[in-house]
Every structure is written in structure tokens, then in C-alpha cells.
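Inspection log for the structure reproduced underneath, given as C-alpha cells.
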Amino acid sequence: MTIFELQLYIEEAEKNPVLYQEREFDLRMEVIDFIDFQVIERINELLLNAPQPDPLLLLRNRAEKVKSRLEGIDVNLFQQLQRTIRTTLFTMNGFKHLVNKYVDINPDDNGHREEAGYDNLDIFINGLSPLQTMPEQTRDLEPEMVYYQKTPARIVFELVEKVPFTKEDVFFDIGAGLGQVAILVHLLTGIATRGIEFEPAFCDYAAACAAALHLPAVTFINVDAREADYAEGTVFFMFTPFKGEILQEVLSILQKESVKRKIRLITYGPCTSHVALESWLYVATPADNNMYKLAVFNSY
Ligand SMILES: C[S@@+](CC[C@H](N)C(=O)[O-])C[C@H]1O[C@@H](n2cnc3c(N)ncnc32)[C@H](O)[C@@H]1O
């Protein structure tokens, strides 16, 4: 980009009223990203060889100002939405419609995914979290345990579309990390949700988020999944929290639960191909050999 083009872009971002409308989250994200990675970076590049740096420094200042004005709109929006969550008992689809006002939640192309991909919906959902600083891991994981990685928010939205929940269902996220899946499933369906998490700092963080959003039906238990009590669970989710013998042990605990009542197990990531070998489960929604698609299994 030339200096003239940079100027034009910044001017347009300063003056375009659409960008400052709360509901234009997606557009704002695009512009914030462009300012960060194209405009400011380009100005920094030009500054390296500029005989007169002052006009470029002024331009960078304007770009930073417009970016923080745009970010300010989102900060206010998220505070307002957190208040809405605290004071609303969402019925089916209520939360989905609320989110859809700001972000396009229509599932993407459904094509082959090589990895867990994140997008604007994740930025939006992260923004709704009342706690913004991720805690440090305090316990060493055993070799078969998998480090924290978030399920993409879009996948959680897909999950509630794929599974016919009833209001009596109780959902468990096994290896719940920072609690986003359990919180989102509750907001999207209204059902009670539980998170089982090995790392105490993650569990405390997740519980504090649920408490700050006034969601008493969402609880987190700091326990090794091999020792957890699954008696109230009817729908279980695993974004590959562990492998090998730990996975096998937890699957046999779930199998014992399935003798008492029918259960569903939803998987995401590499654990899906292992779960598919379990003879007490049948596939309700296949992942089509794509580990980054959801698979839904029902017990016989
Ligand atoms: C891939 S992350 C998934 C996080 C969360 N389910 C989500 O999708 O956002 C796996 C999580 O499982 C936890 N974990 C690993 N082994 C565990 C075990 N034996 N019992 C409970 N949690 C475990 C890890 O600490 C980590 O937070």
C-alpha cells in the first residue's frame, strides 16, 4: 500500500458510520484485523527508510486511534451482553438468535477440516467471558493426557443442532478446560451441564465464569475423569482429552453407565476413531473419516 492508500483507508475507517454500529461486529473485526496486519505493519515498514518520519508517525497514531475506537465499541457491547446473559433465562434458540444478530453463525462449508479452525464466532464468544486472563497450568499432565485446546465455538453450535436434547438431559464435558463448552451448551439449550477437569486452575476459572454470568445450572468438578461420578449424565462430550489407556478406562466407565440408561457420546478430534471401535455404541452421526467433524454415538 502507498502512503496515499493508507491515508484513504484510515480516513474511510474514521468516517464510515456503519463500522460504529454495534451489530456490525463481523465488519469491525475485518477492519481491526486489516489495520493491525496491513496498515500499521506497512507504516512500520515505511518508517524504517523514511527520511521524514513525522507524517508517518502521525498516520500510525491515527490508525491506532481508530482501531481502539472500534475495539471500544466491542468492549461496551460485551459488557452489555454479559448483563443480558445474567438476567435472561434463555429458551431454545434464544441465545443463538442473540449471537446471530452480531455474527454470522451459519455453519461453514462442512468440508474436510485438517485442524480445529477458529473464526469471528470464537472472538465473539471469548468476548462474552467475564474473565479475560487465562490461568496458568499448575499440575503436570500424565503422558496420555492432552493439553488444553478450545473446541471452536462453531462446533459447539453444530453440536446442539445435531443432538436432540430434552430438558431432562444432563450434559458432561469430560476434560472441560476453561469451561466454554459446558457454558455454551447450557446457554444454547437451557439444560444442566457439568465440566470434569483435571487442572484445578482451569476448573476454578470455569466455575468463576459460570458464577459471574449467574448460571447455577453449570457446574465444574475438579477431578480426574477416571474418578468422576457420571451418575446424572445422559450426554457426554469429549474433545480428545486423553488417549490410550486413560481413554479406554473412561470409556469402560461410560459403558457401565450405559447399562443403567441410554447415553450419547459426542466426540471431536483424534479420539473419534477409537470411540468408533466400541461395540456398546453405534454411530448416530458419522464424522466421515474427518477427525475435525463431530461424531455422535448412542449406546444400545
Ligand atoms: C483438548 S482440551 C478440551 C477442553 C474443553 N473440552 C474444550 O473443548 O474447550 C482437553 C482438556 O482435558 C483435560 N484433561 C486431560 N486429562 C484429563 C483427565 N484425566 N481428567 C480430566 N480432565 C483431563 C486437560 O486439562 C484439558 O483441559
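Taking Asp109 as the residue in question, decide whether it is more than 15 Å from the ligand (Cβ to nearest atom), modelled with pLDDT under 95 and surrounded by 13 or more Cβ atoms within 10 Å (Cβ to Cβ). Quick ask: steps written out before the conclusion?
Values: more than 15 Å from the ligand (Cβ to nearest atom): yes; modelled with pLDDT under 95: yes; surrounded by 13 or more Cβ atoms within 10 Å (Cβ to Cβ): no.
Spelling it out, it is not the case that Asp109 is more than 15 Å from the ligand (Cβ to nearest atom), modelled with pLDDT under 95 and surrounded by 13 or more Cβ atoms within 10 Å (Cβ to Cβ).
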Report the residue count in segment 166-178 for those that are of a type outside the set (A, V, I, L, M) and within 12 Å of the ligand (Cβ to nearest atom).
-> 5
Of the listed residues (Ala207, Ala211), the one being under 17 Å from the mean Cα position of the chain (by Cα) and open to solvent by 30 Å² or more (accessible area, probe 1.4 Å) is Ala207
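So that you can scan it fast, the table gives a plain yes or no per residue for (1) outside any helix (DSSP H, G or I); (2) polar (S, T, N, Q); (3) loosely packed, with under 12 Cβ neighbours inside 10 Å; (4) touching a Cys at 6+ places or on another chain (Cβ under 9 Å):
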{"site": "Asp33", "(1), (2), (3), (4)": "no, no, no, no"}
{"site": "Phe37", "(1), (2), (3), (4)": "no, no, yes, no"}
{"site": "Ile40", "(1), (2), (3), (4)": "no, no, no, no"}
{"site": "Leu59", "(1), (2), (3), (4)": "no, no, no, no"}
{"site": "Glu64", "(1), (2), (3), (4)": "no, no, no, no"}
{"site": "Gln80", "(1), (2), (3), (4)": "no, yes, yes, no"}
{"site": "Thr84", "(1), (2), (3), (4)": "no, yes, no, no"}
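Please pick out the residue among Leu251, Leu281 that is touching a Leu at 6+ places or on another chain (Cβ under 9 Å), within 14 Å of the ligand (Cβ to nearest atom) and without any contact (Cβ under 8 Å) to a residue 40 or more places away in the chain. It would help to see each step written out before you state the result.
On the way: Leu281 fails: within 14 Å of the ligand (Cβ to nearest atom).
Residue meeting the stated conditions: Leu251.
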Within segment 190-214, can you find the residues that are touching a residue at least 60 places away in the same chain (Cβ under 8 Å) and hydrophobic (A, V, I, L, M, F, W, C)?
-> Ala201, Phe202, Ala208, Cys209, Ala212, Leu213
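Suppose we filter Val181, Val163 for residues that are closer than 26 Å to Ala192 by Cα and either within 15 Å of the ligand (Cβ to nearest atom) or in contact with a Pro (Cβ under 9 Å, 6 or more places away or on another chain) (or both); which single one remains? Explain how you work it out, then say what you get.
Working: Val163 fails: either within 15 Å of the ligand (Cβ to nearest atom) or in contact with a Pro (Cβ under 9 Å, 6 or more places away or on another chain) (or both).
Residue meeting the stated conditions: Val181.
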Those residues that are away from the ligand (no atom under 13 Å from the Cβ) and in contact with a strand residue (DSSP E or B) (Cβ under 7 Å, 6 or more places away or on another chain), I need them from segment 221-248; list them, please.
-> Glu232, Gly233, Thr234, Val235
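Scan segment 42-57 for residues that are part of a loop (DSSP other than H, G, I, E, B) and open to solvent by 70 Å² or more (accessible area, probe 1.4 Å) and report the count.
Taking segment 42-57 first, the residues part of a loop (DSSP other than H, G, I, E, B) are 49-53.
Next, from what is left, pick out any that are open to solvent by 70 Å² or more (accessible area, probe 1.4 Å): 49, 51-52.
Of the residues in that region, 3 qualify.
Right, Thr219: farther than 19 Å from Val146 by Cβ, of a type in the set (Val, Ile, Thr) and without any contact (Cβ under 8 Å) to a residue 60 or more places away in the chain or not?
Working: farther than 19 Å from Val146 by Cβ: yes; of a type in the set (Val, Ile, Thr): yes; without any contact (Cβ under 8 Å) to a residue 60 or more places away in the chain: yes.
Judged against the criteria, Thr219 is a match.
The values are calculated or read from the model by the stated rules, or taken from the named source; none is laboratory data. Because the structure is a prediction, the values reported are computed rather than measured. Virtual Cβ from ideal backbone geometry, glycine too; neighbours counted across all protein chains shown. We work out accessible area using only protein heavy atoms, side chains counted, and drop any ligands, DNA or RNA first. Shrake-Rupley method; radii C 1.70, N 1.55, O 1.52, S 1.80 Å.
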